[in-house]
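Below you'll find the structure, written out as structure tokens, and then a few comments.
The values are calculated or read from the model by the stated rules, or taken from the named source; none is laboratory data. Since this is a predicted model, take the numbers as computed values, not measurements. Using ideal geometry, Cβ is built from the backbone for each residue, glycine included, and neighbour counts are taken over all protein chains shown. With ligands, DNA and RNA removed, areas are computed over all heavy atoms of the protein, side chains included. Shrake-Rupley method; radii C 1.70, N 1.55, O 1.52, S 1.80 Å.
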Amino acid sequence: MYPSTLNKDVSVFLVVTEVIGPLLSCYSLTKDALFLEKAQEVAYMLEPAYRSLYSLPFKKFNPSTRVAFGEEVFLGEVGGQHLEYYYLHSLTKKAVFSRRFTEIRQQLVRLPKPKKGLYLSELDILSVEWSDSTSTFFRPSSTFYSYLVKAYYQSGGTDQQALEMYQQAIQAATRNFMFNTSVADLTVSRAFY
């Protein structure tokens with residue numbers, strides 16, 4: 001079955017991270033062009049999922065109907081697609097893949113961090129505003145933070161923006177999530193703020 005004939009609503013994030021990502025890994029290990037071709041095919045199939053006003057991905061997509069929907073997305077779903085598209089662009093030099101990771105990053109940088117420098121957990125991609133007041137480094141945001149570190153290393157240390165975003169988030173988390181207690185002189189972390 002070809003991916004474009006699948007008549008089922010699928011998570012855009014999961015297709016990127018669990019289909020495109022492994023295909024690129026197989027290509028990297030084998031240099032078999034078939035894996036790169038299939039990764040591109042799936043990435044092109046997802047094009048309608050990025051047709052929001054600000055090019056942020058919708059939550060779900062139906063490959064058969066080519067309909068994308070779900071404007072409320074988790075931070076990890078939006079910010080956790082960088083590595084795959086960066087690598088796909090570096091292999092193919094196709095601007096469509098570069099636009100996906102750069103436009104997502106630009107929107108995340110522009111967003112206000114209303115809780116003392118912390119990113120919030122859920123985003124409305126149509127208004128590009130936070131739709132939840134919770135902030136966490138755990139699910140559903142953890143992928144975003146881990147991808148910042150991985151993006152820095154993937155770039156060979158040239159993606160200073162990813163490093164700065166991560167460092168600023170860690171500093172904000174330290175200020176907001178961590179507190180000391182006099183009981184056994186412990187440092188304790190809250191999971192959510």
Inset, instruction - Once you've got the Cα coordinates, tell me which of Lys31/Lys93; Lys8/Lys94; Lys60/Lys116 are over 24 Å apart. - result: Lys8/Lys94; Lys60/Lys116
Legend entry - Paramagnetic reach from Glu72 in the range 108-147 [backbone N under 16 Å; point 7 Å along Cα→Cβ]: 120-135, 140-141
Inset, instruction - Give a residue-ordered list of calculated ³J(HN,Hα) values for the range 41-51 (Karplus: 6.51 cos²θ - 1.76 cosθ + 1.60, θ = phi - 60°; whole Hz; x for Gly, Pro). - result: 4, 5, 5, 5, 4, 7, 3, x, 5, 10, 8
Inset, instruction - Quick one: order Ser98, Ser131 from most to least accessible surface, probe 1.4 Å. - result: Ser131, Ser98
Legend entry - Dipole moment magnitude, nearest 20 debye, the chain about Cα centre, only Lys, Arg, Asp, Glu C-beta charged: 220 debye
Legend entry - the range 60-140, relative contact order [Cα under 8 Å, separation at least 6], %: 31 percent
Legend entry - Exposure of Lys113 as accessible area (Å², to 10), given a probe of 1.4 Å and all protein chains: 60 Å²
Inset, instruction - Starting from the amide H of Val67, placed 1.01 Å from N in the peptide plane, find each other amide H under 5 Å away whose residue is 5 or more places distant or on another chain. - result: Asn62
